[in-house]
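Accompanying notes for the structure given below.
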Amino acid sequence: MKQYKKCQSCGMPLKKTEVRGTEANLETSTMYCKHCYREGEFTQKDLSVDEMKGFVKGKCIEMGVPSFLSGMFVKNIHKLERWK
């Protein structure tokens, strides 16, 4: 199975195993981070792609990332597997 380099829901880097989500059988997810996906289910099931973009941009800004850079980070979220 393919190991993704970033979460296919929010775009977060998946370099470390501890940031990966879990499947229903509690194995590590190859596609999603722990913030988006736990025990085989999305943590925010009813979120739209635009709401995800706003959420991620807000988190980036909270962490001190300049607004224009945050916008660059979220511009391709709609291309990730969850949103296809």
**Report entry** Filter result for the condition that a residue is surrounded by 15 or more Cβ atoms within 10 Å (Cβ to Cβ) and not aromatic (Phe, Trp, Tyr), over Gln8, Gln3
**Finding:** Gln8
Requested in this report: Only residues in segment 40-60 that are closer than 17 Å to Lys84 by Cα count as the first member; pair them with residues that are hydrophobic (A, V, I, L, M, F, W, C), Cβ under 7 angstrom, at least 6 apart or cross-chain, and list the lot.
Outcome: Phe42/Cys36; Val49/Ile77; Val49/Trp83; Met52/Cys10; Met52/Ile77; Lys53/Val74; Lys53/Ile77
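Table: residues versus (1) under 18 Å from Met1 (Cβ atoms); (2) more than 12 Å from the chain's Cα centre (by Cα).
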site: Glu27; (1), (2): yes, yes
site: Met31; (1), (2): yes, no
site: Cys36; (1), (2): yes, no
site: Lys45; (1), (2): no, yes
site: Glu51; (1), (2): no, yes
site: Gly64; (1), (2): no, yes
site: Val74; (1), (2): no, no
site: Trp83; (1), (2): no, no
Query - Pick from segment 25-84, criterion assigned to a helix (DSSP H, G or I) and of a type in the set (A, V, I, L, M), ranking: farthest from Lys15 (Cα to Cα) - result: Val49
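None of the figures in this text is laboratory data; all of them are computed from the coordinates on show. The model shown is predicted, which means the values in this text are computed figures rather than measured ones. Using ideal geometry, Cβ is built from the backbone for each residue, glycine included, and neighbour counts are taken over all protein chains shown.
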